[in-house]
Structures are given as structure tokens and as C-alpha cells.
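What follows is a set of notes on a single structure, which appears directly below.
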Amino acid sequence: MASPKPSHADDLAKEQRSISVAEFFEKNKHLLGFDSPTRGIVTTVKEAIDNALDACEEAGVLPDIYLGIFRMEGDIFKVVVEDNGPGIVPDNIPYVFGKLLYGSRFHQIRQSRGQQGIGISAAVLYAQLTSGRPALVISRCGSDRPAFRFLVQIKTETNEPEVLAKEEISWDRVHGTRIEIEFKSSLAARKRLIEYLRYTSVVNPHARLRIEIEEEAILFDRASDEPVIPPKAILPHPHGVELGELKRIAGVCKEPLETFLINSFSRVGQKTAGEIVQLSGLKPGTRADKLDAEGLSILQSAMQQAKVPPPQANLCLSPIGEALIRQGLEKEFQFDFCSARTRPAGVHHGHPFIVEAALGYGGRLEIEGNARIMRFANRVPLMYQQGACAITGCISTVNWKTYNVSQSGLPTGPVLILVHVASTNVPFTSESKDAVAAIPEIEREITLALQELGRDLKTFLSRRDKNRLSEERARAICAIIPDIAIKVAETIEKPVPDITAIEGQIMRRLVAKKWTNDGVVTVLVQNYTSHALDLTLFVITADDVSTAEPKAVFVEEMGTDRSAVWQIKLAGGGSWQLTYTGTGNGMIDIRGIDEKKKVVVDLDQS
């Protein structure tokens, strides 16, 4: 066999050409989170929702976002996202949706969900690859402006938008944007998709999300009417500037060094600028754009050595806040205990960050298995690569047994752990932004936040156990004393004494007792405190509560059971009694008083 003819350099040169970023991601779509049809729909929804939330917050309006997912034909799905944001000017629409690496936030140093200008245009590219269909975009910028409808796709060879259609239309929204994308996908990840939307609602309690997935309608309503104050962009910090970035900034500045440092970097005043120049040994009057490679290297080294205050995190970051985190969690989950922490701002590589965490326990959380972990970065849920995330690593390194929580690597039992990292530059492990990288400064703050919450939980569990023991003793007293009084009366052949005074002296609480005798159910409520109380009695039973005396203020049928409610006013030391015919099945509860100051005893179940 003849050996292959060697290629000449000229022949090889003819085959070489530049590669557009669109072509690169066309072949490497997994880097952006589009590695499978199942995951593709979650990533598309995530990118569109992130854009909508960012737009609304920047405009200072409370987000009202609609998401629709519909099966078109076969395995083609349509995703529709509509928001009430400020809209996009018509000239920019093709570039926002039809050009990768096009956006308004990349050059701004502030917290935002998206930064690179890849997300939504990557979804358009993915749709183009799998279905061959363009994206439909409608946008309007105000009541005095018309709405425009575009059909857009991406020229992958040049990474430029291609507008297939543009027309002015009538639209019922005063301002906002709507995008429709069709692509091959699957709803196998339906549960994870709804979980993503639920998590988004938790950390964005100011947003209302209306969801329509085929024929299922879901509403995640807002828990707060306070719009988010959008963070402001800051200048780069001297400790976070690389040599190449410094060269770019200095290359367009004709000012002397001290003025250049003051005007181009955050937290640099006259004193700090003078210190940096002195450390560098450069002449203060040297123009920044005249520095050669050696001079720039010396200046950058001096900037790293100088003592510069940390960036102003209160300007460029927008943490959720402890109260709103609890509010968002309690809107979607039911706990016996919930606590949240917002840590002081920290800095990594010149970038400010804030760690927030929350811990929920008990309620309706699953008793078996690992704790539910909710990871967020800049208010965006991280749904994949949990094991590769620094947040998960920090959770597993905390000794949860110290806080009375069982642990097998991760904590187990009815526990929910939320961790949110807000930063001007969240260090992700990849462009798909699924996991936070292991940065020591961030890991330290996460661990400290979790340890603080662990101590809160330990205090709650200790108090609960003490209260439970005290309540069990109180129940025993309520159940045993009447029997003792009866036996003693029989022994000495005297009438059964009134034990109210004895119970009151021992209890000093509100006591509700239920018992059944000869087909008559009695509920006795006794106020052994010195305060007047407004109470609500709840009875859930299969018995006929229509025979009750006094009558219930409210009765609701619940299948074979009935839920009945009575309003009770009791003076200090007073009592109230209810009777109705039945077998005494079901349960009773009293509301309107601190749980620690009441005892509910069902003698039918003793």
C-alpha cells in the first residue's frame, strides 16, 4: 500500500478559518446546560425566567410572569414566557435574542442573574438546532409606543441575528416582552421543572408566577409587595484586577497615575492612590496610557499590596434578607421551626459577596432520607450537579449531630437547608452555572451561617423536649387526679370533692378536656390563668355536631368527618363546656393562647 502523500503548509492553511462563538456552542451545547432534551426544557425556562425577573427589577416593577409549556406535535414543545418588564427597543431585539455574548450586564460590576449575554440566545440556538424553527418575540416599551413582533434566528457562521419577519402589531400589554421558542424536548423532568419554579418563588417573594404546563395550571403568588431595590454598578476593585484588565483600562486613559487610580477603581481616594503610587515607585505624573508592560506589572503588584477598603457591598449586592427568606419558605413549606441568617459581606479576589442561609425543621418535611437542600446563586436555583457544589460540601462538613440532627454524610430527617450566595461575580464551576466553585472565603461564610442556624435549631429542640415532658406530666395530672378523687371518695364514703382548686394550683394553664359517657361527648375548657382569653375551639369528628350545645359558629364537611369551630371568651379562672351526642372519635384543639400555656387532654384516647 502506498504511503499517504504529505500535506503542504499551503494546503493546510486553506482549511483554517475562524470559528464563531455560535458555531462553538452549536457543537458544545452541553457547556450551556443543553446536554439532553430532558434538561433542555428546564434550562430554556430558567434562562427566560431569569431575564424576565432581571428586567422587571431593573424597571422597579413587581414581576408578573406567565410561563406556558405546550406540546405541539410529536416531541416538539413550545415554551412561552411573558413578563411586565420595561420591554426592549425594537432595534435591539434581534441582538438580544439572536446573538451570543450580547448583553447589558457583562461590563457592569453588580449582582445580576445573567451576565454573559449567552442564556436566552443559547435557547434560541438550541431551538434552531432541534426543530429548525425561529423564535417569536413580541415587545412593547410603553403605552405611547407600538408593539413589535419579530421572527429571529442566529446565523451560526457569523454569530449575527437573522430577522425573518418584523411587523408592528396591537398588544394588550402596556409594556413587557413575550418570547415563544419551539424545540425538541421531553417533559420527563416535569417534577424538577416545577421544583425549579417553586424554588424561584421562594427566593423571589416579590414575584408572581403563573404557570400553564399542558392542561395543568399552577400559581406561585407573591408573598411581599415590596419591589427589589436594584443594585448599582461599581468600579473594579484594585485587589480584583488582573494584569490584562489593567492594561485595557489604562490604555484609554490619558490622566496621570493618581487621577487614573481615583477615577477608575472603587474605594480609592487621594490617600490610597498616593500609597499605591509610592509602593510602585512610578512617577505620579506618568500618564496611564504611557505605561509599558513592565510599568503595568509593577503598578498591579502595588495595587495588590496596598490596604484598600473592601467594595461597598450594600451598593452592588441585593441580598434577600432574613425576614423575606422565612416568608418565602413558609409560603411554600410547613415547618415546626424556621430560622434564617444573612452573613456580613465578604470579598473573594476583589469581588464582594454575601452568604444567606435558612434552616427548616419538622412540619410536613419528609422524615426519611437526606435533608432537602436548596442552593441558590444571585436568586437563581441551582438544580443540577449538587455533589460538585461547594454549598453541598460545606453542608456535609458541618457536624450536625452536635445540633441533635442525625447525619450520614449529609444531615438526615425532616430538615430543609437553604443557602444563597449573592455576588458581583459568582464563581461557578462551568458556563452552565450549576454549581458554586470551592472558594475558601465563600466556604467559610457558608459554614459559619450553617453553624449559627444549627445552634438555633438545637435550642428549639431542647425547649420542645422540655415542653413535651412538661405537657406529658400535665396530661397525666389531668387524667389521674379525677380518678384519685373518685377512689378516695368511695373509700371514705363521702361525695366526690371539687378538684378544680388543686388542678389550678398545679397547672396554672388553660386546660381543655374531652371525654365520652353514655353516648354524650363533653368538652370542658378551664382557664387556670389570671388573664381573660379569646379562644377558638376546633373539633374534627365523624360525630353529629349539629346536636352540639352551644351551637358551632362554623361547620364544614370533610369527607366522612366534620370540622366544627366555636369562639370562646373566658375570664381568668373561668370555665366553658360543650356537649354533643356521639362516640367521641376525632380530635380537638384550642387556638388563641401560647402553646406552652395550654394542655389538651383527650380522655377517650388515654
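What to note about this one:
- Cα gyration tensor category, rounded, prolate or oblate, for the stretch 132-222 with a/c compared to 1.5: oblate
- Prolate/oblate/rounded call for the stretch 330-424, Cα gyration tensor, a/c under 1.5 rounded: prolate
- Pairs exceeding a 22 Å alpha-carbon distance, out of 458/513; 433/458; 78/331; 487/596; 191/331: 458/513; 433/458; 78/331; 487/596.
- D (Stokes-Einstein, µm²/s), Kirkwood Cα radius, the stretch 54-206, 1.567 mPa s at 4 °C: 79 µm²/s
- Farthest positive-ward along the chain dipole, Cα basis, beta-carbon charges - from 217, 419, 573: 419
- Of all lysines in the structure, the ones whose alpha carbon falls short of 17 Å from that of residue 254, not counting any fewer than 8 places away in one chain, are 283, 290.
- Residues of the stretch 432-459 falling in the label zone of residue 330, defined by backbone nitrogen less than 20 Å from a point 7 Å along Cα to beta-carbon, are 453-459.
- If the convex hull is drawn through the Cα atoms of the stretch 388-442, its volume per residue in Å³: 97 Å³
- For the chain, a simple Cβ point-charge model (Lys and Arg +1, Asp and Glu -1, everything else neutral) yields a dipole of about 1500 debye relative to the Cα centre.
- Positive-end residue, the chain charge dipole about Cα centroid, Cβ charges, pick of 453, 531, 161: 453
- Distance cut-off 23 Å, percentage of C-alpha pairs in the stretch 363-466 lying past it: 28 percent
- Of the trypsin sites (Lys or Arg not before Pro) in the stretch 227-259, the ones in a loop by DSSP (not H, G, I, E or B) with at most 16 other beta carbons within 10 Å are 232, 254.
- With K and R counted +1 and D and E -1, the other residues having a Cβ less than 9 Å from that of residue 537 yield a net charge of 0.
- Per-residue accessible area (protein heavy atoms, 1.4 Å probe) orders 224, 36 as 36, 224, starting from the largest.
- Over the Cα atoms of the stretch 285-371, the radius of gyration divided by the Kirkwood radius equals 1.30; this is the Rg/Rh ratio.
- Rounded to 5, percent antiparallel among DSSP beta bridges of the chain: 85 percent
- Computed log10 I(q)/I(0) for the chain at 0.06, 0.08, 0.12 Å⁻¹: -0.49, -0.77, -1.24, from the Debye equation with unit scatterers placed on every C-alpha and solvent omitted.
- Degrees between helix 293-305 axis and first principal axis of the chain (Cα, 0 to 90, nearest 10): 20 degrees
- Only protein atoms count toward the accessible area here, which uses a 1.4 Å probe; on the chain, the carbon and sulfur part of that area reaches 50 percent.
- Tail weight of P(r) past 17 Å, computed on alpha-carbon pairs of the stretch 510-595, percent: 43 percent
- When the chain is described by a simple charge dipole with +1 on each Lys and Arg Cβ and -1 on each Asp and Glu Cβ, the residue from 111, 438, 49 located farthest towards its positive end is 438.
The values are calculated or read from the model by the stated rules, or taken from the named source; none is laboratory data. Keep in mind it's a predicted model, so treat the numbers as computed, not measured. Ideal geometry is used to build each Cβ from the backbone, glycine not excepted, and the neighbour counts take in all protein chains shown. Remember, those area values only see protein heavy atoms, side chains included, never the ligands or the DNA or RNA. Shrake-Rupley method; radii C 1.70, N 1.55, O 1.52, S 1.80 Å.
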